[in-house]
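Please read the structure below before turning to the comments.
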Amino acid sequence: MFDFIIDFLEKPVPVEYYIMVTTIMFFAGVYGFLSRKNMIMVLISIELMLNAADINFVVFNKLLYPGQLEGFFFTLFGIGIAAAETAVAIAIIINIYRNVKSIYIDENITEMKH
């Protein structure tokens, strides 16, 4: 009865599907970056864009150089950079909140000019 599911799961996933998923992830991150007013949500959108790029590194490594691991190491390096960037950004957001008492971008821009 469920043989079609087993057949579907045993086949490798085509590269086009990975690219569709990462494109949707990346543009969801761009939309969130441009439309959100909360600094934490902007940071999450940037992380979504970085994760889409990391998935592309792995997929294209598997497609172009199947026996080598350069894409995987690029991805691990990218994850490390993203973690460091997130830690620094959250520290900056906490300092802004302590001084201005808000994490909304539209309220803070006028106060940070002075």
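The values are calculated or read from the model by the stated rules, or taken from the named source; none is laboratory data. What you are looking at is a predicted structure, and each value in this text was computed from that prediction instead of being measured. Using ideal geometry, Cβ is built from the backbone for each residue, glycine included, and neighbour counts are taken over all protein chains shown.
Assorted remarks:
- The stretch 92-114, subset assigned to a loop (DSSP other than H, G, I, E, B) and either exposed (fewer than 14 other Cβ atoms within 10 Å of the Cβ) or in contact with a Pro (Cβ under 7 Å, 6 or more places away or on another chain) (or both), residue modelled with the highest pLDDT: K101
- Among the residues making up the stretch 20-48, those that are closer than 20 Å to I92 by Cα and either in contact with a Gly (Cβ under 9 Å, 6 or more places away or on another chain) or β-branched (V, I, T) (or both) are I40, M41, V42, I44, S45, I46, E47, L48.
- Residue within the stretch 24-43 that is assigned to a helix (DSSP H, G or I), modelled with pLDDT under 90 and among the charged types (D, E, K, R) present: no
- Residue in the stretch 81-91 that is over 18 Å from the mean Cα position of the chain (by Cα), exposed (fewer than 12 other Cβ atoms within 10 Å of the Cβ), assigned to a helix (DSSP H, G or I) and not acidic (D, E) present: yes
- Any chance Y65 is among the aromatic types (F, W, Y) and modelled with pLDDT under 90: yes
- Look at the stretch 69-84: where a residue is closer than 22 Å to I44 by Cβ and a partner is of a type in the set (D, E) and surrounded by 13 or more Cβ atoms within 10 Å (Cβ to Cβ), sitting 6+ places away or on another chain with Cβ atoms under 7 Å, you get T75/D54; G78/D54; I79/D54; A82/E47.
- Residue match in the stretch 27-37 (condition: surrounded by 12 or more Cβ atoms within 10 Å (Cβ to Cβ) and of a type in the set (S, T, N, Q)): no
- Every listed requirement among (1) surrounded by fewer than 18 Cβ atoms within 10 Å (Cβ to Cβ); (2) in contact with a helix residue (DSSP H, G or I) (Cβ under 7 Å, 6 or more places away or on another chain); (3) within 22 Å of I90 (Cβ to Cβ) is met by N51 save one, (1).
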